[in-house]
Amino acid sequence: MALRFEVLGRFNRARAAQLTLPHFVCQTPLFMPVGTQGTIKGLTTDQLEEIGCQIILGNTYHLALRPTSELIDELGGLHKFINWPRALLTDSGGFQMVSLLHLADITEKGVTFQSPVDGKPMLLTPEESIQIQNRIGADIIMALDDVVRTTITGPRIEEAMYRTLRWVDRCIAAHKRPHEQNLFGIVQGGLDPVLRDICVRGLVDRNLPGYAIGGLAGGEDKDSFWRVVAQCTAALPEDKPRYVMGVGYPLDIVVCSALGADMYDCVYPTRTARFGTALVPEGVLKLKHNAMVNDTRPIDPKCACMVCKNYTRAYIHCLVTKDAMGSQLLSYHNLYYMLQLSRNLHSSIVEGRFPEFVCDFLQKMFPKGDVPEWVCNAMDVAGIDISSCCSS
Amino acid sequence: RNKTSVDRTVKWLDECIARSPAGGAVFGSIVGGSNIEERKRCAQEVAVRNVSGYWIGGFGLGESMEERPSLLNAVTDNLPKDWPRMICGLGLPEEVLQGVAAGVDLFDSAYIYHLTIGGFALTFPLDRMEKNDYNYQLSDQGSDRTKINLRATVYRKDATPIVEDCCCYTCQNHTKAYINHLLNVHEMLAQILLEIHNTHHYLGFFRSIREAIKEGCFEQFQKKFVQSRREHLAADV
């Protein structure tokens with residue numbers, strides 16, 4: 001175990017904590033930008049520090065292909081390679097199974113990919129995934145899980161859940177640096193509460209430094225989504241971090257935090273930036289829209305980021321999709337927005353005003369009071385009264 | 001054709017001046033192609049107009065290094081000394097030096113942009129050429145010691161910065177190995193880092209020029225610079 005997790009404040013299920021990792025002391029709830037290939041598209045590590053980024057995600061599958069984990073190891077680990085002094089988390093490569101399924105074959109041994117770089121077959125076993133992650137050197141590493149889309153039904157889900165537990169044991173055995181890197185287990189089980197329960201208990205028995213809730217954020221309906229999160233957060237230990245993988249939209253993060261989750265990652269903020277969309281309290285702002293041509297306001301007049309302090313919507317409108325700087329500026333703003341959201345979640349819980357924060361957030365996003373039903377249901381379970389923001 | 005171009009350009013200049021708002025700074029264009037007489041004539045015509053500076057066009061489009069100085073001089077010899085002279089299309093350091101020698105003040109080119117897009121980083125030494133032996137980083141990939149191509153596999157594990165004592169953001173924070181990786185995986189950050197370094201390095205070159213002029217040894221500076229690059233090209237052959 002190479003981390004410390006100390007809860008500093010609570011509101012019902014929601015908690016604000018200090019997560020001490022080998023490279024950085026973090027505050028949760030927190031959002032982690034995704035730097036798949038060893039870079040957050042278009043931003044320097046300086047800028048990431050500037051906006052308050054605490055942990056970045058790197059992807060084992062991509063980095064193992066290029067530049068290879070051996071090279072990263074030889075040059076002193078990923079932190080040194082990309083010059084990022086704060087914390088890093090690497091995914092196991094498992095998610096690629098789902099997203100690149102037409103190239104993958106899953107067996108008890110592991111996952112065979114066809115390398116997209118040179119077509120050679122690549123076998124990713126739990127042992128191999130951990131070895132690669134050991135070489136990369138991130139503060140948090142993820143166990144290789146057998147992840148199945150939530151839109152799939154049938155015995156495959158049960159098979160995947162049990163296999164995930166068997167693979168976690170192989171990951172634990174293969175892990176050579178438990179005092180420098182924290183191995184998180186991932187809860188699978190699809191949308192079936194019975195399977196999820198078995199998986200949670202199995203993982204908790206292994207006494208890991210932290211736990212992730214996986215297999216979500218893949219197209220399931222929101223009602224099922226929040227219920228799985230709620231069930232898992234209720235069953236996972238209080239004194240360890242809980243990471244909901246692949247989440248996501250600001251609204252989802254607020255709901256999951258209310259239900260007791262601590263960590264999130266998603267490509268959404270940076271990906272949507274490259275399509276010209278900015279994140280704002282009201283939802284989104286599409287900079288490509290003609291209405292932006294003459295709009296000399298910043299993206300968000302209340303935002304304190306470098307982009308909102310220096311550039312107008314009109315200017316960004318010109319750049320977007322025509323020049324790389326358009327996506328850089330929007331990525332910068334969008335990440336700032338997500339990190340500011342993280343900071344607000346943390347401080348509002350610590351300062352005892354979490355319900356007020358949630359209501360304010362919902363009011364801005366749904367000024368007409370049309371808060372989606374799934375949010376209302378989730379907040380009910382979380383014990384947060386949002387009746388003031390709902391028109392019904 | 002050159003004559004027509006010059007006539008037209010001067011005529012248009014008069015029209016621009018007539019239309020330009022009071023207090024606006026208009027730069028007069030000097031054209032004339034590769035014809036020394038036309039260049040001279042154009043310069044003389046524009047020199048008597050009411051302009052705030054001179055934009056010298058049509059260079060960097062195929063004239064040779066040998067014929068350029070006389071063409072440049074034909075222009076600058078006929079321009080008043082009190083107003084700035086700007087030129088477009090001269091990007092290579094040797095070309096810039098030719099422009100400076102002829103009395104040009106401002107340079108505009110896409111040289112840096114093309115370097116960056118191609119994955120190149122400038123590495124030619126900026127120190128003042130007083131020493132005879134240069135601290136070149138040994139790169140034996142057929143580079144011309146003025147720049148390196150970060151895509152080359154030789155840099156895969158090179159944990160040193162592009163230029164050892166460069167104080168630009170890129171050299172202070174990142175290694176050639178990282179930039180090589182970024183280029184391989186087609187990440188935006190590669191161009192950002194290269195552009196920062198190349199711009200910084202190129203501007204440093206201009207600073208050296210200014211210092212050399214102030215110290216009265218520009219001619220020497222130009223000679224040594226050109227000579228050293230030729231020597232290394234010859235040595236590589």
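The values are calculated or read from the model by the stated rules, or taken from the named source; none is laboratory data. A quick note: this is a predicted structure, and the numbers were derived from the prediction, not measured. A quick note on method: Cβ atoms are made from the backbone with ideal geometry, for glycine too, and the neighbour counts reach across all protein chains shown. Only protein heavy atoms, including side chains, enter the accessible area calculation; ligands, DNA and RNA are left aside. Shrake-Rupley method; radii C 1.70, N 1.55, O 1.52, S 1.80 Å.
Numbers for the structure displayed
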read-out: Region B:145-161 residues that are away from every other protein chain (no Cβ under 14 Å), paired with ones that are hydrophobic (A, V, I, L, M, F, W, C) (beta carbon under 6 Å, 6 or more apart); value: B:THR146/B:PHE124; B:LYS147/B:PHE120; B:LYS147/B:LEU122; B:ILE148/B:ALA121; B:ASN149/B:PHE120
read-out: Count - residues of region A:56-78 that are within 12 Å of another protein chain (Cβ to nearest Cβ) and assigned to a helix (DSSP H, G or I); value: 9
read-out: Matching residues in region A:233-261 - criterion: being basic (Lys, Arg) and open to solvent by 10 Å² or more (accessible area, probe 1.4 Å); value: A:LYS240
read-out: Given (1) within 14 Å of chain B (Cβ to nearest Cβ); (2) outside any helix (DSSP H, G or I); (3) surrounded by fewer than 23 Cβ atoms within 10 Å (Cβ to Cβ), index of the condition A:GLY119 fails; value: (1)
read-out: Candidate set from region B:85-109 (those that are in a helix (DSSP H, G or I) and charged (D, E, K, R)); member that is farthest from B:LEU72 (Cα to Cα); value: B:GLU94
read-out: Residue within region B:210-230 that is open to solvent by 20 Å² or more (accessible area, probe 1.4 Å), in a helix (DSSP H, G or I) and touching a Leu at 6+ places or on another chain (Cβ under 8 Å) present; value: yes
read-out: Residue list for region A:279-309, restricted to those being without any contact (Cβ under 8 Å) to a residue 40 or more places away in the chain, in contact with a strand residue (DSSP E or B) (Cβ under 7 Å, 6 or more places away or on another chain) and of a type in the set (A, V, I, L, M, F, W, C); value: A:VAL284, A:LEU285, A:ILE299
read-out: Pairs with Cβ under 9 Å, 6+ apart, first in region B:15-34 and assigned by TED's automatic domain parsing to the domain that holds B:ASN73 and assigned to a loop (DSSP other than H, G, I, E, B), second among the basic types (Lys, Arg) and surrounded by fewer than 13 Cβ atoms within 10 Å (Cβ to Cβ); value: B:VAL31/B:ARG8; B:GLY33/B:ARG1
read-out: Within region B:172-189, tally of residues that are within 7 Å of chain A (Cβ to nearest Cβ), part of a helix (DSSP H, G or I) and surrounded by fewer than 20 Cβ atoms within 10 Å (Cβ to Cβ); value: 3
read-out: Scan of region A:79-98 for residues that are away from chain B (no Cβ under 11 Å) and of a type outside the set (Ser, Thr, Tyr), ordered by number; value: A:HIS79, A:ARG86, A:ALA87, A:LEU88, A:LEU89, A:ASP91, A:GLY93, A:GLY94, A:PHE95, A:GLN96, A:MET97, A:VAL98
read-out: Among (1) within 8 Å of another protein chain (Cβ to nearest Cβ); (2) open to solvent by less than 10 Å² (accessible area, probe 1.4 Å) - the single one A:MET32 does not satisfy; value: (1)
read-out: Failed criterion for A:THR151 (all others in (1) assigned to a helix (DSSP H, G or I); (2) in contact with a Gly (Cβ under 8 Å, 6 or more places away or on another chain); (3) of a type in the set (Val, Ile, Thr) hold); value: (1)
read-out: Number of positions in region B:192-208 that are hydroxyl-bearing (Ser, Thr, Tyr) and either in contact with a helix residue (DSSP H, G or I) (Cβ under 7 Å, 6 or more places away or on another chain) or within 14 Å of chain A (Cβ to nearest Cβ) (or both); value: 2
read-out: Subset of region A:344-372 (residues that are open to solvent by 70 Å² or more (accessible area, probe 1.4 Å), touching a residue at least 12 places away in the same chain (Cβ under 8 Å) and out of contact with any strand residue (DSSP E or B) (no Cβ under 8 Å at 6 or more places or on another chain)); value: A:GLN363, A:LYS364, A:PRO367, A:LYS368, A:ASP370
read-out: Filter result for B:VAL51 (surrounded by 19 or more Cβ atoms within 10 Å (Cβ to Cβ) and in contact with a Cys (Cβ under 8 Å, 6 or more places away or on another chain)); value: no
read-out: Residue count for region A:159-196, restricted to those that are outside any strand (DSSP E or B) and closer than 18 Å to A:ALA212 by Cα; value: 25
read-out: Residue match in region A:215-226 (condition: modelled with pLDDT under 95 and either within 28 Å of A:LEU8 (Cβ to Cβ) or of a type in the set (Val, Ile, Thr) (or both)); value: yes
read-out: Single unsatisfied condition, A:GLY283 versus (1) surrounded by fewer than 23 Cβ atoms within 10 Å (Cβ to Cβ); (2) over 19 Å from A:PHE31 (Cα atoms); value: (2)
read-out: Candidate set from region A:37-53 (those that are in contact (Cβ under 8 Å) with a residue 60 or more places away in the chain and within 14 Å of another protein chain (Cβ to nearest Cβ)); member that is most open to solvent (accessible area, probe 1.4 Å); value: A:GLU50
read-out: Subset of region B:110-119 [surrounded by fewer than 18 Cβ atoms within 10 Å (Cβ to Cβ) and assigned to a loop (DSSP other than H, G, I, E, B)]; value: B:ALA110, B:GLY118
read-out: Some residue of region A:160-178 being open to solvent by 20 Å² or more (accessible area, probe 1.4 Å) and aromatic (Phe, Trp, Tyr); value: yes
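To keep it simple, each residue is scored yes or no on (1) open to solvent by 10 Å² or more (accessible area, probe 1.4 Å); (2) without any contact (Cβ under 8 Å) to a residue 40 or more places away in the chain.
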position: A:GLU180; (1), (2): yes, no
position: A:PHE184; (1), (2): no, no
position: A:VAL187; (1), (2): no, no
position: A:ASP192; (1), (2): yes, yes
position: A:LEU203; (1), (2): no, yes
position: A:ARG206; (1), (2): yes, yes
position: A:GLY210; (1), (2): no, no
position: A:GLU220; (1), (2): yes, no
